[in-house]
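Trainee: One structure follows; several queries about it will come next.
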Amino acid sequence: MTGNIVKKVILALAILTIWFFSGTMPDSTYKVMPSYFPDTDNFWQENPFDKASISQLKLPLNISQQRKTWQADSLARLGLDSDSQILFGDTHVHTTNSSDAFKFSLPLMHGAQGAFPPGYACDYARFASQLDFYFLTDHAEAYTPERWQDAIDSVAMCNKMAQAHGYQDVYAFMGYEWTQVGVTAENHYGHHNVLFKGIGRDELPARPIAAIRDAKAFGTLVERNEKGKLSKMMGLLDPRHSDYYSHFNQLVEDMAATPDCEKGIPSPELPQDCFESAQTPADLFKKLDEWNMDSIVIPHGMSWGWYTPPGSSWASHMDKKNINNERMPLIEVFSGHGASERYGAYEARLKNDDGSYVCPPPHKDYLPSCHQAGVIIKNRCLAEGLDNNECEARAQVARQNYVNEDTKSGFLTVPGDIDVQEWLDAGQARDVFLPAYNYRPRKSAQYGLALRNFDDKEKPLGYEWGFVGSTDTHTSRAGHGYKQVGRLYGTEANGARTPFWEKLMLKPLGEKAAKSRTLDELPERNLGLRLNEIERSGSFFYLGGIAAVHAKDRSRDGIWNALKAKQTYATSGHRILLWVNLMENGKKIAMMGDKMERHENPQFKVTAVGSPKQKQGCPKYILDLLDNKKLEKMAFSECYYPTQERYKLQRLEVIRIRPQSYKGEAVAPLIEDPWKVFECPTHNPKCEVSFTDNEFKIGQRDALYYVRAIEEKTLIANGNTSRNEVDTDGNVIKVNICSGSYITDANDDCLSEKGHQAVSSPIYTYFK
């Protein structure tokens, strides 16, 4: 070592010794530490387990009155009348009670801003996003008995503080996420949110129900973290924040200390302080039935290839046990993890009749990662001066090695740390608006709706979902897509703060080589975060969507009943207004989410209105009420601040899906997207059309219809995903990813022009 390096090491050790014995260090001394970074706001001084973080504030009387009449006044100005009230909320909100959210909050993470306990979700929904409702849905796998009860108390306190002057500014609900991840497509069901109507301790289960605690599943922070040893080491390397790492260590140890519940005992009869799990959706439904409490289950992020194995499909588990349209009436099609609505006729790999796999060729809308693995190996091979035949043979081996890998980590068959330019946009859907990362098309909502199970030929079984959007925020920012600011801090596009922390977090994958390998040939399979393509995924995290409901009134019952009745729609973040009705003789006979038997051709009427344009900053009453420092941390001092001016709509797209009429019927031709397109007026934010399906009676088969309303273009964070550069023939030659690590500037929101979307729940018409 050089003399300077030796001096720095000795100085660092001396500083650590002083800190260890005294517990204090002057600010200036941190600058010699390789892990040093400024913490001027003391973000990590707040206790993440704080039970009293909800602001004890009431809205002024005049503001309560304004919020009551805002929508009615807006509709009157537009010349619209509605028999329902459109309310906006977030059905998917995480806090630092979730272990992954807590991990993302650690000081070593680039986008970290400290703790966001449940109280922040309430404050954000009330003052920043000004939602009508939200659901707290932390991961069940991370809930300890104490924190489950604390979360229930937080929701109760939020509802209490939200009431003033005969008006409740937000309705807080309780829920949790069942975070199932299968190792292969056959045992993968995916993540599901469980939502409850009740909010009191006596109206909710004694504990959440998690997915199986398995060494290869999500909930194994305990195993990966060795009961907190890693967090203790981080505290030594970053002594300024040692207390915060200790809190993380406490969470991990509390998770590990919670014993598994005894199997075979009805859920209500189990002790309160055990860890309960369910292996399949059917198991989850059974346990919920035992509690006999009003609940809803919502699958979400289904096309997200971060955790969804290749080849995953709704068809794999389409049976009477796991399809329960009463229990599972909704599906989330927009979130911070991207869209999962649209089906694309492309695959990550193809399966032969004998069960073997083959790599598909490139598609205009999709470059299979297995194919690109072959390109990478061939290019490396040629660069070493080997002949073309040898290099092409190696490319074929590389493609086969990739598709033979059942997990999400096929990219590891290409040796060396991942080079984003080598991989280009492989695995990503090019024809999907804000697509989920490494898109899995057969887990899309469209594909699921087109399928039928014909075990009972008289009553074919199929999904009947309504659609919702959400944020899937992991920083308590319920409904934060109203302004496209804070990409890094408001999404899960996270990573190491500095190269120093990156080296500690990510195990090196060795040198690049011109020859593929199987994953069994990796020197170490316990790779932690290396099992995911962290840098590439950063371009596929978004600020999230929002759920809209057509409620009879603005009440807890009104919100809940609308959700259960599927009288809902999803947006990508903007509060677009949307009505889709089935008409007969000029009168509405059904609306989005409804199902009807029909003989005559169905007639539809659609009305959509663009979302309100926003003022910068926050309304004065919020600035007067809320602590400025908290408002800056929580919302970057940017609140929902609507004007009377609205964005115009570009067009309305009608999607028709005619579900399978016999076993094995090809799915792609059944999904007509778009079936019809209507351009909207350029001078008016309102867009209204009527149309008829003149083929329904002739075709004599079931059909469902839904509408996608698309706004004029505005700037959206990660709107252009990997920001592809193409040649004159349209081939992708370069990508410009938006990393979650220090590689991309924290203030770069990676903005691109796209039109926000609203997607209605389908109307189901069964041919009689």
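Trainee: How much net charge surrounds Arg442 when only the other residues with a Cβ under 14 Å from the Cβ of Arg442 are counted, with Lys and Arg +1 and Asp and Glu -1?
Mentor: With Lys, Arg at +1 and Asp, Glu at -1, the neighbours total +2.
Trainee: Given points 7 Å out from each Cα along the Cα-Cβ axis, report the Lys320 to Met293 separation in nanometres with one decimal.
Mentor: With each label placed 7 Å out from Cα toward Cβ, I get 2.9 nm.
Trainee: Restrict the search to the range 661-757; then list the GluC sites (Glu not before Pro) that DSSP places in a loop and that have at most 14 other Cβ atoms within 10 Å of their Cβ.
Mentor: Loop-located and lightly packed - Glu695.
Trainee: Taking neighbour Cβ counts within 10 Å as the exposure measure, how do Asp520, Asp169 sort from fewest upward?
Mentor: Lowest to highest Cβ neighbour count: Asp520, Asp169.
Trainee: Here's a follow-up. List, in the order given, every pair from Lys58/Lys620; Lys615/Lys754; Lys378/Lys507; Lys286/Lys564; Lys552/Lys713; Lys587/Lys697 whose Cα-Cα distance in the structure shown is over 22 Å.
Mentor: With Cα atoms farther than 22 Å apart: Lys378/Lys507; Lys552/Lys713.
Trainee: So, one more: When the Cα centres of the range 601-663 and the range 100-160 are compared, how far apart do they sit, in Å?
Mentor: Using only Cα atoms to place each centre, the spacing works out to 22 Å.
Trainee: Calculate, in nm to one decimal, what Thr714 and Lys286 gain on full extension: separation in residues at 0.36 nm each, minus their alpha carbon distance.
Mentor: Between Thr714 and Lys286, full extension yields an extra 149.6 nm.
Trainee: Follow-up. Under the rule of at least 5 residues apart or a separate chain, name every residue whose amide H is placed under 5 Å from the amide H of Lys676.
Mentor: For Lys676, the qualifying residues are Val654.
Trainee: What is the projected area of the convex hull of the Cα atoms of the chain, averaged over all directions, in nm²?
Mentor: 35.6 nm²
Trainee: Still on this model: What nm distance separates the two modelled labels at Asp260 and Glu458, each placed 7 Å from Cα along Cα→Cβ?
Mentor: 4.2 nm
Trainee: Counting pairs of alpha carbon atoms under 8 Å apart in space and at least six apart in sequence, what relative contact order in percent does the range 666-768 give?
Mentor: Answer for the range 666-768 is 36 percent.
Trainee: Something else: Kindly put Thr308, Thr714 in sequence by how many other C-beta atoms sit within 10 Å of each C-beta, fewest to most. Show your work: numbers first, answer last.
Mentor: Values: Thr308 27, Thr714 16.
By the 10 Å Cβ count, ascending, the order reads Thr714, Thr308.
Trainee: Counting alpha carbon pairs within less than 8 Å and at least 6 residues apart, what relative contact order, in whole percent, applies to the chain? Show your work: numbers first, answer last.
Mentor: Numbers: 1764 pairs, mean separation 108.9, N = 768.
Reported as a whole number, the value is 14 percent.
Trainee: Next question, about the same structure. Which whole number of Å³ per residue matches the convex hull of the alpha-carbon atoms in the range 551-635? Present the calculation step by step, with values, prior to reporting the outcome.
Mentor: Details: hull volume 13.5 nm³, N = 85.
Once divided by residue count, the hull of the range 551-635 is 159 Å³.
Trainee: Spelling out what I want: for every residue of the range 751-768, take phi, set θ = phi - 60°, compute 6.51 cos²θ - 1.76 cosθ + 1.60 (Karplus), and round to whole Hz; glycine and proline get x.
Mentor: For the range 751-768, the Karplus-derived couplings read 7, 9, 7, 8, x, 4, 10, 10, 10, 6, 5, x, 9, 9, 10, 9, 5, 9 Hz, x marking Gly and Pro.
Trainee: Now for a separate question. Which of rounded, prolate or oblate describes the range 579-693 when judged by the alpha-carbon gyration tensor and an a/c cut-off of 1.5? Walk me through the numbers before you get to the answer.
Mentor: On the way: a/c = 2.84, a/b = 2.14, b/c = 1.32.
Note, shape of the range 579-693 comes out prolate.
Trainee: Another question, if that's okay. Where in the range 332-440 are there trypsin sites (Lys or Arg not before Pro) that are in a DSSP coil and have at most 15 other Cβ atoms within 10 angstrom of their Cβ?
Mentor: The qualifying sites are Lys364.
Trainee: Hey, another quick one. For the range 408-420, just list the computed ³J(HN,Hα) in residue order, Karplus coefficients 6.51, -1.76 and 1.60, θ = phi - 60°, integers in Hz, with x standing in for Gly and Pro.
Mentor: Each residue of the range 408-420 in turn: 6, 10, x, 4, 6, 6, 9, x, x, 4, 5, 10, 4 Hz.
None of the figures in this text is laboratory data; all of them are computed from the coordinates on show. The structure displayed is predicted, hence computed values, not measured ones. Please note: Cβ atoms are built from the backbone with ideal geometry, for glycine as well, and neighbour counts cover all protein chains shown.
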